[in-house]
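Right, one structure below, let's go through it.
The values are calculated or read from the model by the stated rules, or taken from the named source; none is laboratory data. Predicted model only: the values in this text are computed from it and were never measured. FYI the Cβ positions are ideal-geometry reconstructions off the backbone, even for glycines, and counts take in every protein chain you see. SASA here: full protein model, heavy atoms, side chains in, ligands and nucleic acids out. Shrake-Rupley method; radii C 1.70, N 1.55, O 1.52, S 1.80 Å.
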Amino acid sequence: MLSLLLALLLLPLACVSARAAPAEKRQAESGLASGDFAGEMINLVPSAYEDKGDQLAAQDRLLIRTGELTVRSGNPEEVGARAEGWVGASGGYVVLRENNTYVFRVPAEKFDEVFAQLAGLGAVARRRMDAQDVTEEVQDLELRLRNARALRDRYEELLKRAEKVEDVLAIQKELAGVTETIERLEGQLKARMTDVKMSRITLRLEPAAAGPVTALRSPFPWVRALGIENLPQFRSDRSRSTRLDWSLPEGFADMGRPRDSDIVGWAYAPDGVRVVVRRFEHDPEASRAFWDAELERDFVKARGYEPWAAPLDSKLIVFRTMADGTPTTYALRLAIGSRYILATEVIGPADVVEAKWPVLLPLLDQIEKETR
């Protein structure tokens with residue numbers, strides 16, 4: 001009689017899901033040793049086994065969001081450190097860091113924001129986002145877990161009342177199996193909810209191609225004339241003075257103006273910072289937005305520079321790259337007229353330029369004012 005009643009007790013658990021795990025299936029098919037708990041046993045089949053899926057279906061959809069990015073940059077190590085900082089500020093953390101590959105967890109509500117930040121680290125070679133709806137899977141796990149816990153409670157009650165040794169041993173065996181099932185279901189549910197609450201982003205950083213990529217270079221000669229690759233060198237045939245009436249900050253030397261060049265003037269400091277002013281004919285004529293977009297495309301896509309935040313100056317376009325093994329800042333400010341374009345470049349070690357912005361920004365204003 002005991003075996004028959006316990007089989008009835010276990011039947012609802014076996015029917016919870018067609019995907020029942022082997023351990024649950026084994027419990028549903030097993031019986032206990034013979035014994036006599038007639039009378040009250042039939043009342044142990046609980047109403048808690050009712051399927052509450054209709055109630056859970058009213059919840060918001062549960063999505064697991066994942067993203068993958070492959071970004072080319074001139075300095076993967078520095079860019080990776082910056083990415084970690086952004087992720088940490090969002091409330092996320094690093095899961096894996098290996099060979100310029102990073103796996104991050106970020107709060108699901110911050111996924112789009114962080115993904116966009118990471119995509120701005122350099123030239124994006126690959127981008128993928130995905131969302132998996134696990135609402136029904138989570139509902140199923142919750143239902144199976146609730147029913148398994150109810151079954152465990154009834155086994156524990158039954159164990160208190162068992163008197164025969166064979167009944168105690170049989171109930172303990174089934175109780176151990178149910179406990180194992182509960183622990184497994186709890187682990188699966190916790191893992192799924194972690195995936196829902198903390199999205200996963202995989203970031204792979206690749207070094208930018210060495211040297212210019214001809215097919216991607218700008219068709220405009222004056223754009224190609226800019227950049228760290230085209231730094232002016234001291235020449236004996238230079239003019240003794242620039243065309244600029246500028247007042248240089250302390251620590252800079254006026255390097256004059258190379259003859260027969262587009263350079264209006266340039267200044268040099270021993271800490272490696274250069275300020276170079278070039279003038280070009282505005283041909284073809286185009287808007288500032290056009291030239292800003294063309295400069296960013298050429299420097300990022302063709303040369304592998306990294307976009308960087310401008311220091312409180314909306315007229316500046318700022319990049320980072322590696323020069324002589326050192327993280328280097330390259331900043332560009334345009335003054336666009338109907339006949340000419342004046343391009344002022346600031347070039348130097350990233351940490352030095354960062355410290356000099358308080359004196360460099362007024363100098364850029366002065367240059368623009370003097371050359372109008």
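Of a type outside the set (Phe, Trp, Tyr) and open to solvent by 30 Å² or more (accessible area, probe 1.4 Å): is that true of residue 343 in this structure?
no
Test residue 356 against the stated conditions and say whether it is part of a helix (DSSP H, G or I), open to solvent by 70 Å² or more (accessible area, probe 1.4 Å) and basic (Lys, Arg).
Values: part of a helix (DSSP H, G or I): yes; open to solvent by 70 Å² or more (accessible area, probe 1.4 Å): no; basic (Lys, Arg): yes.
No, not satisfied.
Residues in segment 216-264 that are at pLDDT 80 or above, open to solvent by 40 Å² or more (accessible area, probe 1.4 Å) and small (Gly, Ala, Ser): 247, 251, 253, 261. Taken as a whole, the structure places residue 106 among residues that are within 12 Å of the chain's Cα centre (by Cα), over 28 Å from residue 296 (Cα atoms) and modelled with pLDDT of 90 or more.
Applying the criterion of at least 2 residues that are of a type in the set (Gly, Ala, Ser) and either under 29 Å from the mean Cα position of the chain (by Cα) or within 21 Å of residue 267 (Cβ to Cβ) (or both) to the strands (runs of 3 or more DSSP E) found wholly in segment 284-348 leaves 326-336. Cβ separations smaller than 7 Å between residues 6+ apart or across chains give the following pairs from segment 66-82 residues that are more than 30 Å from residue 192 (Cβ to Cβ) and part of a helix (DSSP H, G or I) to residues that are open to solvent by less than 10 Å² (accessible area, probe 1.4 Å) and of a type in the set (Asp, Glu): 79/306. Considering only residues that are free of Cβ contacts under 8 Å to residues at least 60 places away in the same chain and surrounded by 19 or more Cβ atoms within 10 Å (Cβ to Cβ), which ones fall in segment 105-144? Of everything in segment 105-144, just one residue is free of Cβ contacts under 8 Å to residues at least 60 places away in the same chain and surrounded by 19 or more Cβ atoms within 10 Å (Cβ to Cβ), namely 141.
Provide a single number: the residues in segment 317-336 that are of a type in the set (A, V, I, L, M, F, W, C) and touching a residue at least 40 places away in the same chain (Cβ under 8 Å). Before you say what the answer is, go through the steps one by one.
Applying the first criterion (of a type in the set (A, V, I, L, M, F, W, C)) to segment 317-336 yields 317-319, 322-323, 331-332, 334-336.
Among the residues that remain, those that are also touching a residue at least 40 places away in the same chain (Cβ under 8 Å) are: 322-323, 332, 334, 336.
The number of residues fulfilling the criteria is 5.
Which of the residues spanning segment 298-327 are modelled with pLDDT of 85 or more, open to solvent by 10 Å² or more (accessible area, probe 1.4 Å) and among the hydroxyl-bearing types (Ser, Thr, Tyr)? The answer is 314, 321.
Could you look through segment 189-209, keep only residues that are among the aliphatic types (A, V, I, L, M), under 30 Å from residue 327 (Cβ atoms) and open to solvent by less than 30 Å² (accessible area, probe 1.4 Å), and pick out the one that is modelled with the lowest pLDDT?
From segment 189-209, those among the aliphatic types (A, V, I, L, M) are 189, 191, 193, 196, 198, 201, 203, 205, 208-209; that's our starting set.
With under 30 Å from residue 327 (Cβ atoms) added as a condition, the list becomes 201, 203, 205, 208-209.
Imposing the further condition that a residue be open to solvent by less than 30 Å² (accessible area, probe 1.4 Å) reduces the set to 201, 203, 205, 208.
Details: 201: 95, 203: 95, 205: 91, 208: 70.
Here the residue is 208.
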